[in-house]
Amino acid sequence: MAAVIHRHPDKVSELYIDEVGVSPVFQRQGIARKTLDTMFAIGREHGCEEAWVGTEPDNVPARALYESRDSVAEPFVMYVYRL
């Protein structure tokens, strides 16, 4: 898991959380939930007012984790560029 604080000149600072994952042998032990909550706390400590994370529509385990933290999915459009 990685997290980046985005500071914007025209809106609130936000914490972007990327690549949430736990090795299969350690899944279902609350590790991702605890790590996500820790990232939220770090974001608050650094003045972030929002945090966001994305996943694929069919990633049921990830969506269950994110929705268990009192959030709902938002519509999102993403463009990918090959460089």
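The values are calculated or read from the model by the stated rules, or taken from the named source; none is laboratory data. Please read these numbers as outputs of a predicted model, since none were measured by experiment. Ideal geometry is used to build each Cβ from the backbone, glycine not excepted, and the neighbour counts take in all protein chains shown. Ligands, DNA and RNA are excluded from the accessible area calculation, which covers all protein heavy atoms including side chains. Shrake-Rupley method; radii C 1.70, N 1.55, O 1.52, S 1.80 Å.
Below are the figures for this structure:
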read-out	value
Qualifying residue in segment 16-35 (condition: open to solvent by less than 100 Å² (accessible area, probe 1.4 Å), in contact with a Gly (Cβ under 7 Å, 6 or more places away or on another chain) and touching a residue at least 24 places away in the same chain (Cβ under 8 Å))	no
Top-ranked residue of segment 36-56 - restricted to ones that are under 13 Å from the mean Cα position of the chain (by Cα) and of a type in the set (D, E, K, R), ranked as surrounded by the fewest Cβ atoms within 10 Å (Cβ to Cβ)	E56
Among residues of segment 15-52, those that are under 12 Å from M1 (Cα atoms) and either in a loop (DSSP other than H, G, I, E, B) or in contact with a helix residue (DSSP H, G or I) (Cβ under 8 Å, 6 or more places away or on another chain) (or both), counted	9
Contacts under 7 angstrom Cβ, first residue in segment 53-79 being closer than 20 Å to V4 by Cβ, partner assigned to a loop (DSSP other than H, G, I, E, B) and modelled with pLDDT under 90, 6 or more apart	G54/F76
Filter result (of a type in the set (D, E, K, R), assigned to a loop (DSSP other than H, G, I, E, B) and out of contact with any Ser or Thr (no Cβ under 8 Å at 6 or more places or on another chain)) within segment 1-14	D10, K11
